[in-house]
Amino acid sequence: MTGRKNMGRISPFFLVLLSLGFSFAMYNLLTFLIQYKSSNSGDGLELSDPITNMPQEVKRLGKSNSRYHVALTATDAPYSQWQCRIMYYWYKKMKDMPGSDMGKFTRVLHSGKPDNLMEEIPTFIVDPLPEGLDRGYIVLNRPWAFVQWLEKATIDEEYILMAEPDHIFVNPLPNLAHGDHPAGYPFFYIKPAEHENIIRKFYPKEKGPVTNVDPIGNSPVIIKKSILEEISPTWVNISLRMKDDPETDKAFGWVLEMYAYAVASALHGVQHILRKDFMIQPPWDLEVGKRFIIHYTYGCDYNLKGELTYGKIGEWRFDKRSYLSGSPPKNLSLPPPGVPESVVRLVKMVNEATANIPGWDSKNSG
């Protein structure tokens with residue numbers, strides 16, 4: 001395997017390209033977001049039943065009561081590093097709280113070489129895909145990273161939580177899986193049934209109805225290690241096949257790897273318990289409540305009246321993409337009055353982490 005070039009030093013030209021890439025991705029998501037806002041109604045109320053789908057046999061099973069290993073894939077770029085540091089800070093805060101089933105933690109670093117966080121965060125180094133195979137879609141390294149980690153690492157826990165750097169544990173997270181049935185988060189924009197012609201290229205009719213393909217990505221998912229070991233090679237192959245198919249690549253875009261995981265799981269006969277309380281995504285989800293993870297993938301833009309200005313840079317904003325080449329500063333300003341509690345909570349949790357992580361300003365600079 002070939003190693004990826006050091007991303008610790010980023011040229012201005014590269015940053016421009018990266019910014020354009022993120023802008024394009026966000027543009028493609030705007031349609032999804034409009035649907036999301038209308039489907040969630042912004043009521044911010046507690047979920048009367050957080051489980052949207054559960055296989056029949058699961059209802060006869062009790063809670064797994066087993067600890068899970070927290071694993072997130074990451075690069076050595078400053079943009080990834082500062083998110084990992086915040087994520088790991090809140091993992092340590094939540095790990096031993098009542099209700100948590102968290103076990104050990106691993107950052108699966110797919111840069112092929114050590115970085116400057118090796119002593120701060122438990123890390124396992126794996127190789128990236130061969131040069132050019134991801135064709136600029138760096139997320140394709142995720143399934144390949146899991147294949148290598150599962151094959152080479154010693155993992156004590158029976159279950160694994162697949163997480164991402166922009167996740168913050170906001171409440172103690174129990175093991176939501178039941179036996180051989182993993183738990184996943186249902187994404188509103190993963191709609192296999194609406195892409196049946198494409199899904200059938202990878203999930204043939206003899207395997208069953210398209211509804212067997214769950215509306216999920218690989219993260220967040222809590223899954224048995226033995227099952228993930230079976231799924232992961234298929235996940236790699238489906239991801240690459242989807243990327244090589246122009247129609248599929250165009251239709252799925254930046255969520256292609258998510259569809260690949262969903263299809264790979266279905267090919268192995270794996271059905272997920274769908275938990276809409278698994279996480280929230282500000283600014284669209286308004287309250288934290290009893291949810292477990294804040295996923296801050298979307299920018300939060302507001303005017304000084306506390307009104308959302310999504311798609312337009314607000315007078316107040318928090319957007320992780322504002323910090324591509326280095327970490328956000330300590331003590332970010334809090335949102336103006338009227339901004340949803342979920343956004344306020346997010347900024348306060350970022351501020352607490354940056355105030356308490358040693359060497360915050362020095363390790364994440366570009």
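The values are calculated or read from the model by the stated rules, or taken from the named source; none is laboratory data. Given the structure is predicted, the values throughout are model-derived calculations rather than measurements. All Cβ positions, even for glycine, are placed from backbone atoms using ideal geometry, and neighbour counts span all protein chains on display. The protein model used for the area step is the full one, side chains on, heavy atoms only, and it has no ligands, DNA or RNA in it. Shrake-Rupley method; radii C 1.70, N 1.55, O 1.52, S 1.80 Å.
The listed residues are Arg317, Arg321, and the only one of them that is open to solvent by 20 Å² or more (accessible area, probe 1.4 Å) and without any contact (Cβ under 8 Å) to a residue 24 or more places away in the chain turns out to be Arg317.
Taken over the range 218-243, the criterion of being open to solvent by 10 Å² or more (accessible area, probe 1.4 Å) and not in a helix (DSSP H, G or I) is satisfied by Lys224 alone. Could we say that Asn356 is surrounded by 14 or more Cβ atoms within 10 Å (Cβ to Cβ) and within 18 Å of Tyr89 (Cα to Cα) here? No; evaluated as a whole, the condition is false for this residue.
Among residues of the range 198-223 that are in contact (Cβ under 8 Å) with a residue 12 or more places away in the chain and of a type in the set (S, T, N, Q), those with a beta-carbon under 8 Å from a residue that is open to solvent by 40 Å² or more (accessible area, probe 1.4 Å) and in a loop (DSSP other than H, G, I, E, B) at least six positions away or on a different chain give the pairs Asn212/Gln271.
Yes/no matrix, rows are residues, columns are (1) at negative phi; (2) in contact with a helix residue (DSSP H, G or I) (Cβ under 7 Å, 6 or more places away or on another chain); (3) open to solvent by 10 Å² or more (accessible area, probe 1.4 Å):
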site	(1), (2), (3)
Tyr296	yes, yes, no
Leu308	yes, no, yes
Pro329	yes, no, yes
Val347	yes, no, no
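Restricting to the range 331-340, name every residue that is of a type outside the set (Gly, Ala, Ser), within 26 Å of Gly359 (Cβ to Cβ) and open to solvent by 30 Å² or more (accessible area, probe 1.4 Å). Answer for the range 331-340, where residues must be of a type outside the set (Gly, Ala, Ser), within 26 Å of Gly359 (Cβ to Cβ) and open to solvent by 30 Å² or more (accessible area, probe 1.4 Å): Asn331, Leu334. Counting only strands (runs of 3 or more DSSP E) that sit completely within the range 101-197, those holding 1 or more residues that are at pLDDT 95 or above and open to solvent by 10 Å² or more (accessible area, probe 1.4 Å) correspond to 102-109, 123-125.
Of the residues in the range 248-258, how many are open to solvent by 100 Å² or more (accessible area, probe 1.4 Å) and either modelled with pLDDT of 95 or more or touching a His at 6+ places or on another chain (Cβ under 6 Å) (or both)? Qualifying residue count for the region: 1.
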